[in-house]
Amino acid sequence: LETSARRVTQYVYNGDYGSNKVKFGAYYGGSSKRNIKNVDLKNNRKNTWGTGLIFNHEIDSIQNVTVAAGFTRQISENANKTAYYSNAYALGLAYNFVHTTYGLDFAHKDTKNKDGAGNKVKNNEVTAVIRQGLNEDWNVYAMYAYKTDKQFGDTDRTRQFMVGTEYYVYNQGSLKVKPFLEWQATRTKYENSTVDRSRDFKTVIGLRAYW
């Protein structure tokens with residue numbers, strides 16, 4: 001899914017119905033030459049829109065389940081001013097028991113006519129995550145993802161694994177601050193390419209702030 005976009009109008013609804021909580025959102029944006037970071041786009045955006053729904057059900061005081069679904073569509077311009085579009089769909093499931101959360105996400109994206117009429121790209125992704133709270137401030141987590149990228153009849157396959165930890169140094173009211181440490185390994189196997197496969201390893205140290 002498109003996770004951010006520049007110059008859009010957004011609507012968000014939050015509903016609390018006892019043991020059930022609902023969050024619904026939708027956005028629309030017209031033409032733009034720049035992305036969310038104010039950097040020029042390679043392909044100018046003509047318009048974009050999307051919608052999403054999150055439903056949370058509290059089973060009891062120590063466990064709950066969440067279901068989320070979303071859709072985005074973006075139309076952009078090729079260099080010759082013809083249009084191409086991308087449609088993306090996602091479904092997420094999560095189960096939380098005391099301090100442990102299990103998650104499973106499915107995502108699919110179709111891109112048509114980019115850089116030429118009839119060109120098609122299909123992206124699929126399945127992601128599994130687990131997060132364990134060691135205490136009120138300290139969490140550890142792991143993620144495994146399997147991705148496919150199909151274009152011109154060839155399919156590239158990527159496997160990604162990540163482990164991390166985070167610690168809240170400030171958690172008062174709506175402001176939350178936490179440093180984190182993550183290690184990630186990515187392996188991709190290419191079909192009909194001069195490069196058979198690639199490996200990428202990353203270690204990240206950072207700070208996240210929410211308000």
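The values are calculated or read from the model by the stated rules, or taken from the named source; none is laboratory data. Just so you know, these numbers come straight off a predicted model, no measurement behind them. Every residue, glycine as well, gets a Cβ built from its backbone with ideal geometry; the counts of neighbours run over all protein chains shown. These area figures cover heavy atoms from the full protein model, side chains too; ligands, DNA and RNA do not enter into them. Shrake-Rupley method; radii C 1.70, N 1.55, O 1.52, S 1.80 Å.
In the complete set of protein chains, residue-level accessible area for R131 is approximately 90 Å², probe 1.4 angstrom. Solvent-accessible surface of protein heavy atoms, probed at 1.4 angstrom with all chains present, puts Y168, Y28 in the order Y28, Y168, largest first. The alpha carbon convex hull volume per residue for the stretch 1-107 rounds to 104 Å³. Of the GluC sites (Glu not before Pro) found in the stretch 133-205, those that fall in a DSSP loop while having at most 14 other beta-carbon atoms within 10 Å are E136, E191. Largest mean-square fluctuation among K37, K189, K46, in a Gaussian network model of the chain whose springs join Cα atoms under 10 Å apart, belongs to K37. Its Cα gyration tensor gives the stretch 91-208 an equivalent ellipsoid; the semi-axes, largest first and in whole Å, are 35, 17, 14. Within the chain, the ratio Rg/Rh, alpha carbon atoms throughout and Rh by Kirkwood, equals 0.99. For the options G29, G92, G173, a Gaussian network treatment of the chain with springs between C-alpha atoms closer than 10 Å singles out G173 as fluctuating the most.
Available extension along the chain between N78 and V22 is 16.3 nm, counting 0.36 nm per residue and deducting the alpha carbon span. Approximating the spin labels as points 7 Å out from Cα along Cα→Cβ, the Y168-to-Y144 distance works out to 3.0 nm. Ligands, DNA and RNA excluded, the heavy atoms of F106 present near 80 Å² of accessible surface to a 1.4 Å solvent probe.
Once both labels are positioned 7 Å from their Cα atoms along Cα-to-Cβ, the gap between T9 and N47 label points is 1.2 nm.
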